[in-house]
Amino acid sequence: MKKLFFLCLGLAATATAAPVEGWLHMRGPLQTGVSLEERLPDKIQAEDALWTVDLPGRSTPTVANGRMFVIGHLGEGADLQEGVFCFDAETGKKLWEHKFNDFLSDIIYTRYSSSSPTVDSETGNLFYQGTQGLFASFTPDGKMLWQHSLMEALGRMTFPNGRTATPVVDRDLIITRGIMANWGAQGPPWDRFYGFDKKTGELVWAAKPGGRPKDSCFSSPALGWLDGKRVFYATTGDGSVVCANARTGEAIWQVPLFKAGINASVVVYKNDIAAAIYGTPYEPGQMVGLKIPHVQPKDGNPVVIERKQVELWTKNISTSTSSPILVGETIYVVAEKGELHSVNIRTGKENWKIKLGIEQRNASPLYADGKIYLPMLENPAGEGGVEAGGTGLHGAFYVIQPGRDEGKVLSHAVLDGRCFATPSIYNGKLYVQTTKKLYCFGKAGKSRGLVKAPKAKRWPKPGKATRLQIVPSEILLTPGQAVSFRTRKLDANGFLVEEVDGSTLRWESYIPPTAKVRARMNATFNDRGQIVADKKMISSAGAFKATLGDLTGVIRGRVLPAPPLSEDFEDFKLNEDSLVDQGVKFAYPPLPWIGARFKFEVREKDGSKVLRKTIDNKRLQRATVFIGEQSMSNYTVQADVLTDGRRRKMSDVGIINQRYYIVLKGNEQKIEINSNLDRIRVPERGSPPNYRWKANTWHTLKARIDVADDGSGVIRAKAWPRDEAEPEGWTVEYRHKNAHKSGSPGLFGFSPQMPVYIDNVKVTPNN
């Protein structure tokens, strides 16, 4: 079994025997929220549901070959698990499920919509991206093919709102995105997009087409064509609309629009006009029509275009998350205040609007059979009465008949649970999930209203090869491990010309000209074209360049040994000038560590070299760093920690053991074990202090985790002044019924007030 930078559980998927038919993506077959199906119901009422299932969630159901897939969550408190569930689309009978723990997050499951499953039209395989950052592929029968922990492998950051993108399939690629803080040149936190091989899970490309993020962003990319290239259009965390090459990730152009992240998806009209909408619950936004630019990027950077250069029209319509749909030349979008708008995409002229609810920040409308199907977050205040729960407990579901001059309400239903999720339609049935139930509306049996989707555009023949694409583009090795690559020749537009024998490549160590740390990966290549990590038990990171004739390609890689691990930072040379503290020298943190760059620096403290949490960026106060491999289990982590400050003005500092935080809480004077602050927090909030620790004094923090054969685990933690003997007993213990089975060791710092420091990091296997 290959071990790259991810956990790979299978390297190939078997294609389904029959053509894959259904609603395969959250945005439907046209990626616009539009169905071509006919003979659909004019009225929806809760009591008329064909079937229901008690499964709370915020996901759009997808349908493929008679099976319905959805993301939901079950359990309470520490035992809450999110998962992907498969049902018979006709009867609602559960066929299989996979449930996963949440970890290392502060996600609240009742705030925003979540991601949705995506189905591959070629194989029928399913893709799941959880709110905790697990990214996995399954066969239609539920066999897991591969899995990544995007947090531990690429530095994905989590947010309380659980904002998570829905991936999209483009031929052999599955494309997703998130705010990531990786390593090396990809260390700065950025809104990044990733293209993975859909069958093997190998990383093909990474891209950052926007600017530095100001907020999270989770809109699904929209695929299209531009100037002979296969592209995707997306909104980003820096408030921009961007376009990038879907085959290579190369950024093409960027149009800044807003001072915060934009979460609604873009709609594109005839590859000529792009419409984007933005806003927050606190700041009004706009909907903007943009003339799609035709430009060529330089040096791998997007062409930044001022809004005024391409703006066609602007409407004062605002929403933070509900995406517009495009029907012909008409945009339908639900604004923040619960109004459904009809707008011409060519002119920006508003045709009409209708007030439906008091608020909408999540679900998007769906158009089919001349009707708009629209869930609202909650039933309007006063409707349904106290007995029905009134506002806040029940969602509303509308069927609207849009006309030229007005929208007519055909039906209004009150659903059990709030509506965060966009509905889906296939085979005469409408599926919608609430925070309490999964609903199916429609008639049993096969619908006579199915309409075949238009044929996809034929892809162009490739031109002359101009570059190499090496897959995987990023790897993680253990000492002595060997990994093979696949090598592709691509033309100027990123299309595949041919695959070549990797043994014919010439490899050399490569340091990018922009590299801040001029380091090399401790590995070589054998005569079969495999990279082989040195057997020395030392960590390293770097890049290699492959050459074939006049064509080149680059891969990145890390080597991380198994425990025991230790780092005291004394070998680091402090030769960088601080931009914050004049006259102070520092060194960048260990290059192979995920999430450390621009969050921590190696500095001198009390005559030793230590790791210092930076506090110069308000958006980077909370830092999570991973220093090992994500499959590790049953180990102990220890580190010396210190916070500047004084009484009631201290920061938090800690370690990570197997997806649990063990944190010294400065202002609370506690050792705390947590994994999700909303569910696992030991001791509980408001409990008395359990460890009195002093500012400006080094303390040693230690944590051990033992997982039993039945899946339960015990997490133990203690601390003591560094210059004193280690106490025999543990300060705090927590028994977790569904313990995290594995996870990377790491470090944690939260320094909104005073700097924190870490030294003498050790990871040892349990006896």
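Those strands (runs of 3 or more DSSP E) of segment 396-470 in which 1 or more residues are among the β-branched types (Val, Ile, Thr) occupy 407-416, 424-426, 429-433.
The set of residues in segment 589-608 being surrounded by fewer than 19 Cβ atoms within 10 Å (Cβ to Cβ) and either among the hydroxyl-bearing types (Ser, Thr, Tyr) or assigned to a strand (DSSP E or B) (or both) consists of Glu604, Lys605, Ser608.
Taken together, Phe127, Phe87, Phe100 contain a single residue that is in the same structural domain as Ala222 (by TED's automatic domain parsing), outside any loop (DSSP other than H, G, I, E, B), under 22 Å from Arg418 (Cα atoms) and of a type in the set (Phe, Trp, Tyr), which is Phe87. For segment 54-63, the condition holds for no residue, the condition being that it is part of a strand (DSSP E or B), under 27 Å from Ser149 (Cβ atoms) and at pLDDT below 85. Restricting attention to segment 709-767, the residues that are assigned to a loop (DSSP other than H, G, I, E, B) and either in contact (Cβ under 8 Å) with a residue 12 or more places away in the chain or closer than 24 Å to Arg622 by Cβ (or both) add up to 22.
Annotation: Arg603 fulfils all but one of (1) charged (D, E, K, R); (2) more than 27 Å from Lys536 (Cβ to Cβ); (3) out of contact with any Leu (no Cβ under 9 Å at 6 or more places or on another chain); (4) modelled with pLDDT of 95 or more; the unmet one is (3). Among the candidates Ser473, Ser509, the residue that is buried (at least 20 other Cβ atoms within 10 Å of the Cβ) and among the small types (Gly, Ala, Ser) is uniquely Ser473. Of all residue pairs spaced 6 or more apart or on separate chains, none has beta-carbon atoms under 9 Å together with a first member in segment 496-511 that is touching a residue at least 40 places away in the same chain (Cβ under 8 Å) and not assigned by TED's automatic domain parsing to the domain that holds Leu173 and a second member that is part of a helix (DSSP H, G or I) and crowded, with 17+ Cβ neighbours inside 10 Å. Looking at segment 188-260, the strands (runs of 3 or more DSSP E) lying wholly inside it that each contain 3 or more residues that are out of contact with any helix residue (DSSP H, G or I) (no Cβ under 9 Å at 6 or more places or on another chain) and within 26 Å of Arg556 (Cβ to Cβ) sit at 190-197, 203-207, 229-235, 240-245, 251-256.
Of note, Ala541 satisfies the criterion of being in contact (Cβ under 8 Å) with a residue 24 or more places away in the chain, touching a strand residue (DSSP E or B) at 6+ places or on another chain (Cβ under 7 Å), among the aliphatic types (A, V, I, L, M) and under 22 Å from Ser509 (Cβ atoms).
Number of residues in segment 383-410 that are modelled with pLDDT of 95 or more and either of a type in the set (Ser, Thr, Tyr) or at positive phi (or both): the value is 1.
Out of the residues in segment 285-308 meeting the condition of being without any contact (Cβ under 8 Å) to a residue 24 or more places away in the chain and part of a strand (DSSP E or B), tell me which one is farthest from Glu250 (Cα to Cα). Taking the candidates together, the pick is Lys291. Scanning segment 265-284 for residues being surrounded by fewer than 24 Cβ atoms within 10 Å (Cβ to Cβ) and not in a strand (DSSP E or B) gives a total of 8.
Scanning segment 285-303 for residues that are loosely packed, with under 15 Cβ neighbours inside 10 Å and within 19 Å of Asp238 (Cα to Cα) gives Gly300, Asn301.
Checking the conditions here, which among Asp191, Asp215 is surrounded by 23 or more Cβ atoms within 10 Å (Cβ to Cβ), among the acidic types (Asp, Glu) and over 24 Å from Trp313 (Cα atoms)? Step by step, each of Asp191, Asp215 is checked, and only Asp191 is surrounded by 23 or more Cβ atoms within 10 Å (Cβ to Cβ), among the acidic types (Asp, Glu) and over 24 Å from Trp313 (Cα atoms).
The values are calculated or read from the model by the stated rules, or taken from the named source; none is laboratory data. It should be emphasised that the depicted structure is a prediction, and the values quoted were computed from it without experimental measurement. With ideal geometry, Cβ positions are generated from the backbone for all residues, glycine too; neighbour counts draw on all protein chains shown.
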